Amino acid sequence: MSLLNFYKTEIEQIQDSKIREFTVEALAKVPDFYDNQHQLIAETKKAIEFSQPLLDTLSCSEYIYDIVKSAILLQDITKYVALLDEEGDWYVKEDIMHPLNVRSTISPLIGIVGVDTFDDIMKTVECSHGVNSPIPQVIPQMDDPVFIWILPFVNKLARAYTTNNL
């Protein structure tokens with residue numbers, strides 16, 4: 001199984017065929033052990049749901065809708081790393097720097113969407129922790145486009161919602 005199966009409905013919400021293809025190709029690179037990350041999957045689905053009213057309220061363009069939805073789906077594709085312990089058993093560990101690792105992981109796909117769209121998606125992903133980012137260089141700034149601020153907000157809401165309702 002693959003994350004693509006979990007996110008079919010969310011992927012279909014991306015209107016631009018190139019951004020949708022890019023998102024699908026990037027999600028296809030995610031290791032199979034992510035299929036067991038039920039909390040992550042639930043949070044991602046909720047973040048997509050919670051983003052809709054914000055995007056509507058801000059009267060965002062279709063392009064921005066697609067950028068934000070793609071970024072939500074891709075923001076955690078490098079969140080976990082499978083490692084071997086001393087006994088040779090696999091375990092999964094969270095990588096706190098994962099927002100920065102997404103860019104290098106999916107940069108070979110840049111040709112699908114082009115440099116500008118790729119950079120818009122990656123900037124949104126990299127700022128996904130908002131002011132709580134452990135990486136000072138990717139904390140959203142006041143002069144950043146408003147859509148950059150949507151992910152930190154919907155991520156917090158989605159995490160709180162799923163924690164209390166799963």
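The values are calculated or read from the model by the stated rules, or taken from the named source; none is laboratory data. Only a predicted model underlies this, so the values are computations on that prediction, with no experimental measurement involved. A quick note on method: Cβ atoms are made from the backbone with ideal geometry, for glycine too, and the neighbour counts reach across all protein chains shown. Quick note on the areas: whole protein, heavy atoms, side chains included, nothing else; ligands and nucleic acids left out. Shrake-Rupley method; radii C 1.70, N 1.55, O 1.52, S 1.80 Å.
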Discussion item. Which count do you get for residues in segment 127-153 that are open to solvent by less than 20 Å² (accessible area, probe 1.4 Å) and at pLDDT below 85?
Written reply: 4
Discussion item. So, Val30, is that one of a type in the set (A, V, I, L, M), part of a strand (DSSP E or B) and in contact with a helix residue (DSSP H, G or I) (Cβ under 9 Å, 6 or more places away or on another chain) or not?
Written reply: no
Item to complete: Pull up segment 81-106, narrow it to residues that are touching a helix residue (DSSP H, G or I) at 6+ places or on another chain (Cβ under 7 Å) and at pLDDT 85 or above, then point me to the one that is farthest from Asp35 (Cα to Cα).
Response: Arg103
Discussion item. Please verify whether Ser59 is assigned to a helix (DSSP H, G or I), of a type in the set (S, T, N, Q) and either open to solvent by 60 Å² or more (accessible area, probe 1.4 Å) or at pLDDT 95 or above (or both), treating the condition exactly as stated.
Written reply: no
Practice prompt. Select from segment 22-44 the residues that are surrounded by fewer than 18 Cβ atoms within 10 Å (Cβ to Cβ) and of a type in the set (D, E, K, R) and write down the one among them that is modelled with the highest pLDDT.
Written response: Glu25
